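J.: Pasting in a structure now, in structure tokens, and then I'll have a few things to ask.
The values are calculated or read from the model by the stated rules, or taken from the named source; none is laboratory data. Since the structure is predicted, the reported quantities are computational estimates derived from the model, not experimental observations. Counting neighbours? That spans all protein chains shown, and the Cβs are built from the backbone with ideal geometry, glycine included. Accessible surface areas use protein heavy atoms only, side chains included; no ligands, DNA or RNA. Shrake-Rupley method; radii C 1.70, N 1.55, O 1.52, S 1.80 Å.
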Amino acid sequence: MTMLDCSSCSSWVSRLRCPRPHGFLAHVITKVCLGALLFGVVWSIAEKECYPGGNLFGIIILFLCAVCGGKLVGLIQLPTLPPFPPLVGMLLAGLVLRNVTPYVTEAVHIEQTWSAALRNVALAIILTRAGLGLDPSALHRLKAVCVRLAVGPCTVEASTVAVMSHFLMGLPWVWGFVLGFVLSAVSPAVVVPSMLLLQKDGYGVEKGIPTLLMAAGSFDDILAITAFTTSLGVAFASDSTWLNVMKGVLEVVGGSAAGLVLGLFICFFPSQDQEELVLRRSVMLLGLSVFAVFGSHVAGFSGAGGLCTLVMAFIAALGWGEAKGPVAAVVGRFWDIFQPLLFGLVGAQITVSTLDPNTVGLGMACLGTGLVIRVLFTFLMVFFGGFNTKEKLFISVAWLPKATVQAAIGSKALDMARVSGDEVLVKYGLDVLTVAVLAILTTAPIGALGIGLAGPRLLTRHPEDTHADRKEGDLEADTETPQKDMVTFESKL
């Protein structure tokens, strides 16, 4: 009787069964429900902070709008060109939210302390990802070129921008170097993912070009951040210039040493016999990275945190060997979350109505001059590195994009100026932030498109990597033309 009842019930349910939703509509409904659930959970915990005007309300709305903006811009597809980088849409989403109407501006409000904290977390994550992506063998082989590529273009571009901004924009020399080192940092958010795609598809791997650019880009960012911090200390501190310079050197040495010690520690702990090893390693690595960035700020050595994070991730990856792949995937997931927040928050810092057209025009002149000098000097720096002319040209193009560091540190000068209450310093800080945002809007899409187009055309694809991931018996793959390889890579980017 029980079995009969069960079968009858099953038959009755099957009659009422509706076709299961699938496809695009089901995907959209799921995303909307997840967004509403996220808001509902946070509201049930924080209540007032989730009302319009609260910090959590602003963060959630900004995050959702930045994600949508990135998706929309990513859909822009021109013939024979790769998609535009989503970070441009994320930046524009924050800019629009800030400047639509006074009501929206007041409702989507995020305090400066919250904004700065989220930007620093994002910086720690992208530096961790860069450290995990370094190839030690190629780095050892190209160490001389790596040093030249990291130090030369960054220093020359910063000096060029400092001179141009002093005479064109009227910035004091120290503020000119503040702006110069903000603009001189290459973007890991554009370069690292692009180089990982090239590395995966075998382009330039034989000569270590992706690893060279990721490693040199990371050290370029550290140099720019350290020099920026030193210049900012000179601009605001009452200490002597020599003390601030020595402090910068101490930050480099201390950050490297701390990163070495922490990296060796997490090579052994958690041990390989523990359960959920990937999860524990990921939590340990990301936790120490964020702690290094914030702890260095508390200690007064803010430039050391980024270098510590980079060195720690590199040493940890060296000790883990092939097992670093799953950890890098987890870190990439965290970057997918914080990337919209980072660029959305930077865009929300700009109020269009307060911008001076002269500042925009003169700032673009400084930026353009610095980029031209950077490209030319980069081409010179890779001489005697074993590269042919096409590879030198590609490296120069790949050294253009600005985004992550400009987003992370571009508003720090303005934040400090607002704390000081000096209107002149506030104006200088706003000029720095304005030009930093202009650099992101112009160089990020140009650099991403340049890498996507130039990589398959200018770099040689290693034969072993070309056939590594093909299925056996795939005759079409064996006859794949270089033009098809190029289209495949561009579609991925």
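J.: Could you please find all residues in region 384-409 being at pLDDT 80 or above and either closer than 22 Å to T160 by Cβ or β-branched (V, I, T) (or both)? Step through it out loud before you land on a result.
T.: Going residue by residue through region 384-409, those that are at pLDDT 80 or above are 387-402, 406.
Result: T389, K392, L393, I395, S396, V397, A398, W399, L400, P401, K402, Q406.
J.: Name the residue, out of L171, L179, L213, L198, that is open to solvent by less than 10 Å² (accessible area, probe 1.4 Å), assigned to a loop (DSSP other than H, G, I, E, B) and either in contact with a His (Cβ under 6 Å, 6 or more places away or on another chain) or among the aliphatic types (A, V, I, L, M) (or both). Working first, answer last.
T.: Working: L179 fails: assigned to a loop (DSSP other than H, G, I, E, B); L213 fails: assigned to a loop (DSSP other than H, G, I, E, B); L198 fails: assigned to a loop (DSSP other than H, G, I, E, B).
Criteria check complete, one pass: L171.
J.: Next question. Considering only region 381-396, I want to know if a residue exists there that is part of a helix (DSSP H, G or I), within 26 Å of T229 (Cβ to Cβ) and of a type outside the set (D, E, K, R).
T.: Here is the first cut: in region 381-396, the ones part of a helix (DSSP H, G or I) are 381, 389-396.
Narrowing the set further to residues that are within 26 Å of T229 (Cβ to Cβ) leaves 381.
Checking which are of a type outside the set (D, E, K, R) leaves us with 381.
Within region 381-396, one or more residues are part of a helix (DSSP H, G or I), within 26 Å of T229 (Cβ to Cβ) and of a type outside the set (D, E, K, R).
Rundown of residues vs (1) more than 20 Å from the chain's Cα centre (by Cα); (2) within 23 Å of V147 (Cβ to Cβ); (3) β-branched (V, I, T), yes/no style:
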residue: P401; (1), (2), (3): no, yes, no
residue: L425; (1), (2), (3): yes, no, no
residue: D431; (1), (2), (3): yes, no, no
residue: T434; (1), (2), (3): no, no, yes
residue: I446; (1), (2), (3): no, no, yes
residue: P456; (1), (2), (3): yes, no, no
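J.: Just one of the numbered conditions (1) within 30 Å of G170 (Cα to Cα); (2) polar (S, T, N, Q); (3) touching a Leu at 6+ places or on another chain (Cβ under 8 Å) is not true of T351; which one?
T.: That leaves (3) as the condition not met.
J.: Write out, first by first residue and then by second, each pair whose Cβ atoms fall under 9 Å of each other, whose residues are 6+ apart or on separate chains, and whose first residue, in region 322-337, is among the aromatic types (F, W, Y) while the second is open to solvent by 40 Å² or more (accessible area, probe 1.4 Å).
T.: Listed pairs, sorted by first residue: F334/R129; W335/R129.
J.: Among the numbered conditions (1) open to solvent by less than 10 Å² (accessible area, probe 1.4 Å); (2) more than 30 Å from V253 (Cα to Cα); (3) within 21 Å of the chain's Cα centre (by Cα), tell me where V331 comes up short.
T.: The number of the failed condition is (2).
J.: Looking only at region 262-302, count how many residues are surrounded by 13 or more Cβ atoms within 10 Å (Cβ to Cβ) and over 19 Å from the mean Cα position of the chain (by Cα). Break it down into steps so the answer makes sense when it comes.
T.: Going through region 262-302, the residues surrounded by 13 or more Cβ atoms within 10 Å (Cβ to Cβ) turn out to be 262-267, 270, 277-286, 288-297, 301-302.
If we keep only those that are over 19 Å from the mean Cα position of the chain (by Cα) too, we end up with 262-267, 270, 277-281, 283-284, 295-297, 301.
Going through region 262-302 one residue at a time, the tally reaches 18.
J.: Of (1) closer than 19 Å to S231 by Cβ; (2) open to solvent by 30 Å² or more (accessible area, probe 1.4 Å); (3) in a loop (DSSP other than H, G, I, E, B), K402 satisfies all except one. Which?
T.: (2)
J.: In contact with an Asp or Glu (Cβ under 7 Å, 6 or more places away or on another chain) and assigned to a helix (DSSP H, G or I): does that describe A150?
T.: Values: in contact with an Asp or Glu (Cβ under 7 Å, 6 or more places away or on another chain): yes; assigned to a helix (DSSP H, G or I): yes.
So A150 fits the description; yes.
J.: Residues in region 164-184 that are over 21 Å from K402 (Cα atoms), small (G, A, S) and modelled with pLDDT of 90 or more: how many?
T.: Result for region 164-184: 0.
J.: Also, I was wondering about something else. I'd like the residue in region 420-449 that is at pLDDT 85 or above and among the small types (G, A, S) and, out of all such residues, is farthest from G69 (Cα to Cα).
T.: Among residues in region 420-449 that are at pLDDT 85 or above and among the small types (G, A, S), the one farthest from G69 (Cα to Cα) is G429.
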